[in-house]
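What follows is a short report on a single structure.
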Amino acid sequence: MGLAIGILSACKKEQKPTVTGSIAAPVISSPTDGSSVTVTLADSATVLNINWSKPDYGVQAVVSYFIQADTLGKNFKQYYTLANLTSANSYAISYNNFSNQLMTGLKLAPNALSTIELRVGSAIYGKDTVYSKPVKIALTTLAVNQLWLPGSYEGYIPATAPTIPAVTPTTYEGYAYFSAAGNFKFTSAPDYNHTNYGDGGNGKLTTNGNAGGIGYASAGVYLLNADITALTYSAVFINSFGIIGTATPQQWNASTPMTYNVGTGLWTVTADLVAGALKFRANDDWTINYGPKDTNALTGTLIFNDPGAITINAAGNYTITLDMTQSKQKGYAYTIVKN
């Protein structure tokens, strides 16, 4: 009999309180309506504190909160959610992360002034949702156009470290040469006084300045990607670059390897070509490959994983150069010169 009572008690559904009267919505106390947030490198680590009063549902219940932002005049029809919280009635976010998230989530223009609205919503048990009155914020975003790569290979000195450029306001990609195995970080300035990104584990970044660097096993060239909104990264070791295609010595069967010059950062090869097609790929594999923006150009820029190939019209001996440094132009470039 005791067991039966226990089973019945376990099966009994949790009693959720019912709201019967009016609900007093949260009220944002900071930032105040009409505030300004201007994000610069100097204050990118400054904390924006969002505080609000707790709603009154007239019953005892666990309250869930969500902080939403939208561009002024959009009436939260395409809002971006900054955070979801339980019980806490405050939220802290750095100026840098605030700017990055809203540039991505609301497609705000980089390095420009936009007026946004911020509101706090609350609910209990997924219903009875109410919203605070929105507050307007004049936000001047900051898009850092490059990340520095200080690491053990160069003494962890950001000012002398190589950089990778921005692809979007919050994503970065580039090739870098590390002279010895070790670890590195991404920094948003040529110093440690601003945001720096260390190893958060499992391909994640962390903005905790005390975190360790991102480890890598071998000296050499790496393809690096970083997303400072999603806080993710990748570092792919580049054992080789090569040319491949019907114009090359090994056709489509294998890459003809190029030679890397540590001093210039260029990959080169001199080879006998025939009329046909030519592409570039890394590690004798198709995971990282590039086709030309213009298939008829012997000098030009490259597109990742593009199906097109450069057209070689005449057989002969050629010097092919691949420039992945982005030091002289935006994007990856190549030249093919007949000797």
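The values are calculated or read from the model by the stated rules, or taken from the named source; none is laboratory data. Remember, predicted model here, so these are calculated numbers, not experimental data. Note that we place each Cβ from the backbone using ideal geometry, even for glycine, and neighbour counts take in every protein chain shown. Just so you know, the surface numbers come from the protein's heavy atoms only, side chains and all, with ligands and any DNA or RNA stripped out. Shrake-Rupley method; radii C 1.70, N 1.55, O 1.52, S 1.80 Å.
Based on what the data block shows, is ASP43 exposed (fewer than 14 other Cβ atoms within 10 Å of the Cβ), in contact (Cβ under 8 Å) with a residue 24 or more places away in the chain and in a loop (DSSP other than H, G, I, E, B)?
Answer is no for this residue.
Between ALA254, ALA226, ALA219, which is under 29 Å from THR335 (Cα atoms), surrounded by 18 or more Cβ atoms within 10 Å (Cβ to Cβ) and small (Gly, Ala, Ser)?
Being under 29 Å from THR335 (Cα atoms), surrounded by 18 or more Cβ atoms within 10 Å (Cβ to Cβ) and small (Gly, Ala, Ser) holds for just one of ALA254, ALA226, ALA219, which is ALA226.
Is it the case that segment 271-281 has a residue that's in contact with a strand residue (DSSP E or B) (Cβ under 8 Å, 6 or more places away or on another chain), open to solvent by less than 20 Å² (accessible area, probe 1.4 Å) and of a type in the set (Val, Ile, Thr)?
Taking every residue of segment 271-281 in turn, none turns out to be in contact with a strand residue (DSSP E or B) (Cβ under 8 Å, 6 or more places away or on another chain), open to solvent by less than 20 Å² (accessible area, probe 1.4 Å) and of a type in the set (Val, Ile, Thr).
For segment 310-332, what are the residues that are at pLDDT 95 or above and within 20 Å of LEU266 (Cα to Cα)?
Matches in segment 310-332: ILE310, ASN317, TYR318, THR319, ILE320, THR321, LEU322, ASP323, MET324, TYR332.
Scan segment 190-211 for residues that are touching a Phe, Trp or Tyr at 6+ places or on another chain (Cβ under 8 Å), polar (S, T, N, Q) and closer than 19 Å to THR160 by Cα and report the count.
Qualifying residue count for the region: 1.
Could you please give the count of residues in segment 30-77 that are more than 14 Å from GLU117 (Cα to Cα) and polar (S, T, N, Q)?
Summing the residues that are more than 14 Å from GLU117 (Cα to Cα) and polar (S, T, N, Q) in segment 30-77 gives 9.
Given ALA275, ALA314, ALA235, which one is farther than 14 Å from TYR175 by Cβ, of a type in the set (A, V, I, L, M, F, W, C) and free of Cβ contacts under 8 Å to residues at least 40 places away in the same chain?
Answer to the selection: ALA314.
Do we have any residue at all in segment 154-163 that's open to solvent by less than 40 Å² (accessible area, probe 1.4 Å) and part of a strand (DSSP E or B)?
no
Rundown of residues vs (1) farther than 30 Å from SER218 by Cβ; (2) at pLDDT below 95; (3) of a type in the set (A, V, I, L, M, F, W, C), yes/no style:
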{"position": "ILE116", "(1), (2), (3)": "yes, no, yes"}
{"position": "THR129", "(1), (2), (3)": "yes, yes, no"}
{"position": "GLY151", "(1), (2), (3)": "no, no, no"}
{"position": "PRO165", "(1), (2), (3)": "no, yes, no"}
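Output the residue which, of all residues in segment 157-180 that are of a type outside the set (A, V, I, L, M, F, W, C) and touching a helix residue (DSSP H, G or I) at 6+ places or on another chain (Cβ under 7 Å), is farthest from LEU106 (Cα to Cα).
Checked segment 157-180; the qualifying residue farthest from LEU106 (Cα to Cα) is SER179.
Please go through segment 236-260 and give me each residue that is in a strand (DSSP E or B), within 22 Å of ALA176 (Cβ to Cβ) and either modelled with pLDDT under 95 or not small (Gly, Ala, Ser) (or both), ordered by number.
Scanning segment 236-260 gives VAL236, PHE237, ILE238, PHE241, PRO257, THR259, TYR260.
Identify, from the list TYR233, TYR192, the residue that is of a type in the set (Phe, Trp, Tyr) and at pLDDT below 95.
Exactly one residue qualifies, and that residue is TYR192.
Give just the number: which of (1) open to solvent by 50 Å² or more (accessible area, probe 1.4 Å); (2) part of a strand (DSSP E or B) does ASN208 not satisfy?
ASN208 satisfies all of (1) open to solvent by 50 Å² or more (accessible area, probe 1.4 Å); (2) part of a strand (DSSP E or B) except (2).
Considering every residue within segment 189-201, establish whether at least one is open to solvent by 50 Å² or more (accessible area, probe 1.4 Å), assigned to a strand (DSSP E or B) and more than 24 Å from GLY263 (Cα to Cα).
yes
Return the total of residues in segment 261-315 being in contact with a Leu (Cβ under 7 Å, 6 or more places away or on another chain), within 26 Å of ALA235 (Cβ to Cβ) and assigned to a loop (DSSP other than H, G, I, E, B).
1
So which residues in segment 286-315 are closer than 19 Å to ASN225 by Cα and either surrounded by fewer than 13 Cβ atoms within 10 Å (Cβ to Cβ) or aliphatic (A, V, I, L, M) (or both)?
Of the residues in segment 286-315, the ones closer than 19 Å to ASN225 by Cα are 286-290, 302-306.
Matches in segment 286-315: TRP286, THR287, ILE288, LEU302, ILE303, PHE304, ASN305.
For PRO150, only one of the following conditions fails: (1) open to solvent by less than 40 Å² (accessible area, probe 1.4 Å); (2) under 24 Å from ASP33 (Cα atoms). What is its number?
Every condition holds for PRO150 apart from (2).
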